[in-house]
Amino acid sequence: MSETLNYEPELNLVYLPDGEVVNETNQDPAIPRISGYQRYWVAADLGQANDFSAVVVIKDQALPIVDDGKIIVGPRERTVVYADRFRGVSYVDVVDHLVRLRNAPPFGGKSELAIDGTSIGRVVSDMLWDQGVDHKAVQMTGGQDWSKKGSRYVNAGKTFMIENLAVLFASGDLKFAPELPLRDEIEADLASFATTTTAAGNQIISQSRSVGGHGDLGIALILGGFASQYLQAGLAVQQTLRGWW
């Protein structure tokens, strides 16, 4: 009696400089070449000189995996892998910091930058633009949707972005990396949002900021979650916003 042997191919993933991730086939025609990706979203909330600015980085990947003997692209995974807060620096220093961070390993060559484009964010955006640094400047509005305004500016409702982040966490599409620095501070920032309903039935989300400048890390993560969901062509997945974390 013959036996049927289940062959499980082994993966040897190659991480390319541009963020593409492929399985090494060793020129074996029986092994299909499957292309996934690993990229990063660098998102920054910018404060005045005496206020805190904050940066978070989300790793966004969908890697080749073996499923039932076949090599396919696995599920999309997003993870908050970096967080930092600083203050008391000039706009020039802020721009230099963002550029260095975006180019630093492992982010270099496969990262996208999104900043808060309101208030002083317009100044920082102009400085980045003058240096040829591609980025998106997100201007927070009171609406319930978002729209592109030219090559770098995006208008997005603050409530819309917060609800988007809530959905990402509730669905498990976004997680914190184990032992992420400043995770407690990020969660405290997110918990500081409050929802109120106007007489006209519109929802308004407000945020309390402490004298220590808290709130910045939460805003940075809200920006990153929005950017990862809506600002990358071919990756945006429209979702019905629901719930709260």
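The values are calculated or read from the model by the stated rules, or taken from the named source; none is laboratory data. Treat the numbers as computed from the prediction; the structure is a model and nothing was measured. All Cβ positions, even for glycine, are placed from backbone atoms using ideal geometry, and neighbour counts span all protein chains on display. Heavy atoms of the whole protein, side chains included, go into the accessibility calculation; ligands, DNA and RNA do not. Shrake-Rupley method; radii C 1.70, N 1.55, O 1.52, S 1.80 Å.
Extension gain for the segment Arg76 to Arg183, taken as residue separation times 0.36 nm less the Cα-Cα distance, is 36.3 nm to one decimal.
Ligands, DNA and RNA are left out, and with a 1.4 angstrom probe the accessible area of region 30-164 is 44 Å² per residue.
Surface composition of region 63-129: carbon plus sulfur atoms hold 53% of the accessible area, using a 1.4 angstrom probe and ignoring ligands, DNA and RNA.
Take 68-78, 166-176, 42-52 and order them by the average number of nearby Cβ atoms within 10 Å per residue, most first; the result is 42-52, 166-176, 68-78. Any idea what log10 I(q)/I(0) is at q = 0.15, 0.18, 0.25 Å⁻¹ for region 110-184, Debye with uniform C-alpha scatterers and no solvent? For region 110-184 at q = 0.15, 0.18, 0.25 Å⁻¹, log10 I(q)/I(0) is -0.66, -0.88, -1.10.
Rounded to the nearest 20, the Cβ-based charge dipole of region 22-169 about its Cα centre (Lys and Arg +1, Asp and Glu -1) stands at 160 debye. In this entry, region 50-143 is assigned a mean projected area of 8.4 nm², taken as a quarter of its C-alpha convex hull surface. Sparsely packed loop sites in region 117-189 (the GluC sites (Glu not before Pro) outside DSSP H, G, I, E and B with at most 15 other Cβ atoms within 10 Å) comprise Glu179. Under 17 Å Cα to Cα from Lys175, which lysines show up? Leave out anything in the same chain fewer than 8 places away. Cross-link targets: Lys59.
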